[in-house]
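Everything below concerns the one structure shown next.
The values are calculated or read from the model by the stated rules, or taken from the named source; none is laboratory data. Please read these numbers as outputs of a predicted model, since none were measured by experiment. No Cβ is skipped: glycine too gets one built from the backbone with ideal geometry, and neighbour counts run over all protein chains shown.
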Amino acid sequence: MLKYFTYDEYVDNIFEIDLEKLQAAGKRLIFTDLDNTLVGSDVPVPTPEVLAWLAQAKALGFVVKIASNNNDERVRIFAEDLDIEAHGLVYKPLIYKMKRYMKGYQKGEVVFVGDQLLTDVAVARRLGLYTILVRPVKLKADENITKFNRKIERRIVKGLKKRGLPVPPHIEVS
Ligand SMILES: [Mg+2]
């Protein structure tokens, strides 16, 4: 069970991700969560930094797709001027929609970037994808469901810690 909450890399923000390294490792598709991964959940549109990051990924040959559990309206407005595929209501950690979105790619070519163990890391692990956990951009703007998830997260992290597995530095447990 806990293996679904382990990740390959932890970064403080998306800009720390070594895109060249991923490219050299044969990765071609990057799925990214939206809320608290690309921007805070109360930020409606991409920041200039996020736009630059997406452009850099594209220049390196990556296809980037947004995979969010938030509603379609949120995702549509955020991605309106981006030339990328963006999906809302993905229902992570369920895998059925993700499987559709990664059609044409081998799982070894796919990276998943997200800020939550329960949704992002779990769906990525279930699909066998290279998993990058990012420190949440901004916690206080979390939706209620996310607050609940983070409570569960802390319990999971306690379990990880007990077994000597890597623990996300932003989640404090006793
Ligand atoms: Mg998120």
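Worth pointing out:
- So D81, is it without any contact (Cβ under 8 Å) to a residue 40 or more places away in the chain and among the acidic types (D, E): yes
- Within the stretch 1-34, considering residues that are over 14 Å from I132 (Cα atoms) and at pLDDT 95 or above, the one surrounded by the most Cβ atoms within 10 Å (Cβ to Cβ): R28
- Restricting the stretch 63-78 to residues that are of a type outside the set (V, I, T) and touching a residue at least 24 places away in the same chain (Cβ under 8 Å), the residue that is farthest from T47 (Cα to Cα): N69
- Residue, farthest from the ligand (Cβ to nearest atom), within the stretch 6-59, restricted to residues that are out of contact with any Asp or Glu (no Cβ under 8 Å at 6 or more places or on another chain), assigned to a loop (DSSP other than H, G, I, E, B) and of a type in the set (G, A, S): A25
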